[in-house]
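FYI, it's all coordinate maths here, none of it is from the lab. This structure is a prediction, so every number in the text was calculated from the model and none was measured. Cβ sites come from the backbone with ideal geometry, for glycine too, and all protein chains shown count toward neighbours.
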Amino acid sequence: MAPESDIAALVGRVALRDRAAFAELYSQVSPKLFSACLRILKDRGEAEDALQEVFVKIWQRSGRFAAAGNSVMAWLVTIARNHSIDVLRARRPTGESTDEDWQIADPAPGPENAAVMKWEGKRIDRCMEELDSDRAGAVRSAYVEGLTYQELAERHAVPINTMRTWLRRSLLKLRECLDR
Amino acid sequence: MSKPEQSEGDRSRDQLLAGEYVLGVLPEADRRKVEARIGKDRAFAAMVANWQENLAGFDTDYEEQAPPSRTYSRIEARLFPARTFQQQLLSAGGWWNSLALWRGLAIASFATLATYASFQSGWIGEAPPSQALVAELSGDNNAALGLMARYDTGSGRLQLMPVAAKADDARSLQLWLVPDGGAAPVSLGILPQTGEGAVDIPADLRPRLRDGVTFAVSLEPFGGSPTGQPTGPVIASGKAQGI
């Protein structure tokens, strides 16, 4: 894959309706985005359909991408993940409510930090090491595979409320670590 | 002292909700609610963006995998639909198709509705065998040009008068005869780049210029279509209709 700056330049040209840049962007990033669709949807046909929708969205939303400080690959993968997760949720609607159980003690609320986070690939890995390994695994597979609380609970053989608490505590710990 | 705690609690709750959204664990209805809030709550949107940047570190788990080779052409077909020749004919014809061609009328008498009405009511009757077929070939709203075509059955000569010609001079305008019933278009020749043009219809094609055929002009590479079939957009068309 080309460097991020080249990908960002391609997205900029796509925003100007440059079809050659769109084709080049596709050839550069489609293997990564297809992989994301496939990991979440776990079906090649559905992943291919999703990839089409994802690139239609990229064409339509390229103008909204502001290169300032943001990772272009993170932006592109987010479009692929969000679309795939939406397809997954529509395919298997779950009735689980998330209204209760919000009040979880914040382990160490960090100071208000308005500074824009600079993306560092390794920072999340360092913070993940501070979590119990099974909880870190649950967080990672939730993200990578788009699993629901129910599916995570089954995979880890714990009640759904336990899984919910695991993940929420883990998110707060991660937030605290990432803001440190 | 309860107020700062309250806002602190809200902040944690929002951080959790933003994190759960980015993780992807929320059910569909909650995802929609979160997205609605992203659109109107900038502080919350910043939290979501922050999580997205942070958790993007997990994207390394997505090992590159080539999609099927057909996928890109499907995306292109979705975004940039290439219209078929038949579809282009339909859209290029415009209102004019319904009264496209009058047999036995000279151009001078062509414009008035009264003539059309008398024509429709059958006053004119059978047209003499060696008079002109006249067609105005009209285009889409943004068509590069309109054309008036006059075909003399006696001489076998099709006369074309461009109206407001704006054609790109690096390209050629090619005239096609489109038989009724969906058969492949037949080239009638290349139009002159400027001014009034005339195309001599090959003798073997002359019997085919009759009711039900359509004239079409397409924009082609300089010198005409390389394939023998229209390749560029149809900029004008008109259907020949007898009485």
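The charge dipole of region B:2-61, taken about its Cα centre with unit charges on the Cβ atoms of Lys, Arg (+1), Asp and Glu (-1) only, comes to about 340 debye.
Partner shielding of A:36-49 amounts to 2, given as the average count of beta-carbon atoms from other chains within 10 Å of each residue beta-carbon. By the count of neighbouring beta-carbon atoms within 10 Å, fewest first, A:HIS156, A:HIS83 end up ordered A:HIS156, A:HIS83.
Sort B:SER225, A:SER170 so the one with the fewest other Cβ atoms within 10 Å of its own Cβ comes first.
Values: B:SER225 19, A:SER170 22.
Ranked by crowding around the Cβ, least crowded first: B:SER225, A:SER170.
Among residues other than A:PRO31 with Cβ under 9 Å from its Cβ, the summed charge is -1 (Lys and Arg +1, Asp and Glu -1). The residues B:ASP180, B:ASP204, when put in order of fewest to most other Cβ atoms within 10 Å, stand as B:ASP204, B:ASP180.
Going down the list A:LYS42/A:LYS173; A:LYS57/B:LYS40; A:LYS57/A:LYS173, which pairs span over 26 Å between their C-alpha atoms? Cα-Cα > 26 Å for A:LYS42/A:LYS173; A:LYS57/A:LYS173; rest within.
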